[in-house]
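Have a look at the structure below before the remarks.
FYI, it's all coordinate maths here, none of it is from the lab. Bear in mind the structure is a predicted one, so any value in this text is a computation, not a measurement. FYI the Cβ positions are ideal-geometry reconstructions off the backbone, even for glycines, and counts take in every protein chain you see.
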Amino acid sequence: MNPPSLRRASYHDLNALCRGITTSFVHLETRDAYGTEVELPHMAKWRRGEADDLGWLGWWLDMLREHRAAGRTCRRARVVSEPVSDYQQWTLSHVERFVEAGEDIRYVPRRHLVNVALPGSGDFYVFDDRLVLFLHYAGRGTNTGFEVSEDPAVVRSCRDAFAAVWAYGIPALDYRPE
């Protein structure tokens with residue numbers, strides 16, 4: 001069997017796809033920590049106990065509000081190990097802003113997924129049930145690239161994997177890590 005047809009994509013493509021949905025996107029996160037250049041300075045402030053107005057997230061929160069107002073759905077499932085990493089503690093410290101803006105986020109303790117098969121790439125988005133964008137990361141959590149596929153079998157596999165994870169999810173505002 002040949003590997004699915006994938007083509008390279010960019011961070012710009014990811015943002016355009018997120019903004020351009022007509023019905024929905026779902027996002028599966030499977031890592032305990034990420035090391036994005038945008039997030040690291042803000043996480044460092046959090047570690048030092050300094051306030052962060054989260055202005056750097058304004059564009060994302062505005063986009064979520066626009067999608068919600070238009071009746072489009074945005075869902076994210078975060079698979080986490082417990083006890084949660086510093087990165088996940090940091091995301092929990094401001095997750096209500098995402099939820100208030102319209103993103104439905106659920107946390108899923110990794111131990112609950114022993115019977116769930118996930119695509120080997122880990123993190124992905126499915127846009128409008130027609131296209132998958134895979135996010136690739138180095139061991140330290142830095143992004144190394146993006147690839148997209150419109151292969152219906154790949155889209156279906158990722159959509160089904162997301163649905164299986166989502167079924168075990170705990171709404172972000174109710175999640176209390178062990």
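Descriptive notes on the structure:
- Euclidean distance between Cα centres, the range 33-54 to the range 95-130, Å: 22 Å
- Computed about the Cα centre, the dipole magnitude for the range 17-166 is approximately 260 debye when only Lys and Arg (+1) and Asp and Glu (-1) carry charge, each at its Cβ.
- Gyration tensor (alpha-carbon) shape descriptor, the chain, a/c threshold 1.5: rounded
- Considering all different alpha carbon pairs of the range 1-76, the Kirkwood hydrodynamic radius works out to 15.2 Å.
- Counting DSSP beta bridges with both ends in the chain, the antiparallel % (nearest 5): 60 percent
- Estimated from the Cβ-Cβ distance and a Förster radius of 22 angstrom, the FRET efficiency linking Ser24 and Val116 is about 0.60.
- Gain upon complete extension [Glu66, Arg156; 0.36 nm per residue less C-alpha separation]: 29.7 nm
- Between the range 132-178 and the range 58-73, the alpha-carbon center distance in angstrom: 20 Å
- Sorted peptide list for 10-23, 71-84, criterion being average Cβ within 10 angstrom, highest first: 71-84, 10-23
- Membrane-span-like helices in the chain (whole DSSP H runs, Cα extent of at least 20 Å along the helix axis, mean Kyte-Doolittle hydropathy of at least -0.5): 152-166.
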